[in-house]
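The values are calculated or read from the model by the stated rules, or taken from the named source; none is laboratory data. Since the structure is predicted, the reported quantities are computational estimates derived from the model, not experimental observations. Please note: Cβ atoms are built from the backbone with ideal geometry, for glycine as well, and neighbour counts cover all protein chains shown. With ligands, DNA and RNA removed, areas are computed over all heavy atoms of the protein, side chains included. Shrake-Rupley method; radii C 1.70, N 1.55, O 1.52, S 1.80 Å.
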Amino acid sequence: MPKKLLIWSVIAFAGFYLFTQPTNAADAVGGAFSAVGDAFGSVITFLTALFN
């Protein structure tokens, strides 16, 4: 039960943030995707250096 409450709270907060500050929400999502892309690129660089 507490896990469901936490999940619904996060969803509610995300929805509230999206509707009240859409520009900041878009920047946050863009930053998250950028961080994931950078991490993936770093892993690829590491693996390339490891096997060369």
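Residues to consider are Leu47, Leu6; find the one that is open to solvent by 100 Å² or more (accessible area, probe 1.4 Å) and either part of a helix (DSSP H, G or I) or modelled with pLDDT of 95 or more (or both).
Exactly one of Leu47, Leu6 is open to solvent by 100 Å² or more (accessible area, probe 1.4 Å) and either part of a helix (DSSP H, G or I) or modelled with pLDDT of 95 or more (or both), namely Leu6.
Could you tell me whether Ser34 is over 14 Å from the mean Cα position of the chain (by Cα), surrounded by 10 or more Cβ atoms within 10 Å (Cβ to Cβ) and part of a helix (DSSP H, G or I)?
Numbers: over 14 Å from the mean Cα position of the chain (by Cα): no; surrounded by 10 or more Cβ atoms within 10 Å (Cβ to Cβ): yes; part of a helix (DSSP H, G or I): yes.
Judged against the criteria, Ser34 is not a match.
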